Amino acid sequence: MGKYLEVSKTYMKTQLVWRADVIFNMIFTITKILFACLLWGLVFQNKEMVGQFTFHGMLSYYIISSFLSQLEMSDGISSEIHDRIRNGTFSKYMVIPVGIEKYFMAMELGIVSFYIIFDFIAAVIWIFVFQIRFVFAEEAWLIICAVIMTILGMIFMVQLNFFLGVLTLKYQGIGTFLMIKNNLAALVTGGIVPLALFPEIIVRIMQVLPFYYVTYLPAMLLTGMCKNEAITGIAVIAGWCLIMQFSIHVVWKKYLRKYDGVGI
């Protein structure tokens, strides 16, 4: 455990070098919230409710979902693995005395731990700037469920990006897989439009996909909605984590022998 903690601490310190990334990350969070304020301000102009949401409830949802989505920073894992396998330097991870997948999870933890402070500050600032009557869950058990689901969702995304990166052992490129993943995630995580506004049949289909439980459902729980999905949501995303872990094991064992790395 100690060696993975050191990996996390190293990557946390590394973020200090890329100060511009911190600034842009905060700007992206602010931009998304600003867009939501302008868009939903027009929609709610002559309405008190849209679906399950009041105006301030909708903005609260966007603030929380923006905060959660900015914490999910594992996209670079698949690109890192792909590039290193293609240029023969993936051996770097094979010679260090750590589990490769656990190494990337520790790396993600270090990066997220650094950015979480700045994302939180950006969210709080905009609550005061727009004078939002922030809507937040009152039940402690609901908050705990949302936190557990968020952690499992982030673990799943690390697993998924690791899995897609490892597919490079089999395929020349993984661009198509990444495109499908990114498009699905953009829609089903509810970052564009809350899924509660979709027809019920569409929502039920999306509930089968793991992305539903990465950002959207935790954000809804933290605003006090979808309470009946809290326990089942944890079970579903935990199940997806197990499925993904099994898939990683199978692909890694089957295709690693194809890797002919050179150098470190």
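The values are calculated or read from the model by the stated rules, or taken from the named source; none is laboratory data. Because the structure is predicted, anything quoted here is derived from the model rather than measured. Note: ideal-geometry Cβ built from the backbone for every residue, glycine included; neighbour counts use all protein chains shown.
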Inset, instruction - State which residue pairs qualify: first residue touching a residue at least 12 places away in the same chain (Cβ under 8 Å) and over 10 Å from M73 (Cβ atoms) and inside the range 98-117, second residue among the polar types (S, T, N, Q) and buried (at least 19 other Cβ atoms within 10 Å of the Cβ) in any location, beta carbons under 7 Å apart, and separation of 6 or more residues or different chains. - result: A106/S8; L109/S8; G110/S8; S113/S8
Inset, instruction - Check the range 80-90 and report whether any residue there is out of contact with any Gly (no Cβ under 6 Å at 6 or more places or on another chain) and among the small types (G, A, S). - result: no
Legend entry - Cross-chain or 6+ apart pairs with Cβ under 6 Å, the range 47-74 first and within 13 Å of T150 (Cα to Cα), then crowded, with 21+ Cβ neighbours inside 10 Å and of a type in the set (D, E): F67/D119; Q70/D119
Legend entry - Within the range 88-112, tally of residues that are modelled with pLDDT under 80, part of a helix (DSSP H, G or I), surrounded by fewer than 18 Cβ atoms within 10 Å (Cβ to Cβ) and not hydrophobic (A, V, I, L, M, F, W, C): 2
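For the structure I just gave you, tell me whether S8 is buried (at least 18 other Cβ atoms within 10 Å of the Cβ) and modelled with pLDDT of 80 or more. First the steps, then the outcome.
Numbers: buried (at least 18 other Cβ atoms within 10 Å of the Cβ): yes; modelled with pLDDT of 80 or more: yes.
Yes.
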Inset, instruction - Please verify whether the range 200-213 includes one or more residues that are outside any helix (DSSP H, G or I) and in contact (Cβ under 8 Å) with a residue 24 or more places away in the chain. - result: yes
Inset, instruction - Give just the number: which of (1) surrounded by fewer than 22 Cβ atoms within 10 Å (Cβ to Cβ); (2) in contact with a helix residue (DSSP H, G or I) (Cβ under 6 Å, 6 or more places away or on another chain); (3) not aromatic (F, W, Y) does V166 not satisfy? - result: (1)
Legend entry - Evaluation of L178 against (1) in a helix (DSSP H, G or I); (2) in contact (Cβ under 8 Å) with a residue 60 or more places away in the chain; (3) of a type outside the set (D, E); (4) within 28 Å of H56 (Cα to Cα) (one fails), failing number: (4)
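Please specify each residue of the range 117-146 satisfying the condition of being in a helix (DSSP H, G or I) and at pLDDT 80 or above.
Going residue by residue through the range 117-146, those that are in a helix (DSSP H, G or I) are 117-129, 140-146.
Once the filter is applied, which keeps residues that are in a helix (DSSP H, G or I) and at pLDDT 80 or above, the range 117-146 yields A140, W141, L142, I143, I144, C145, A146.
Residues are listed down the side, and each one gets a yes or a no for (1) modelled with pLDDT of 85 or more; (2) over 18 Å from S69 (Cα atoms); (3) loosely packed, with under 14 Cβ neighbours inside 10 Å:
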| residue | (1), (2), (3) |
| --- | --- |
| N182 | no, no, yes |
| A186 | no, no, yes |
| L221 | yes, no, no |
| C241 | yes, yes, no |
| K253 | no, yes, yes |
| D260 | no, yes, yes |
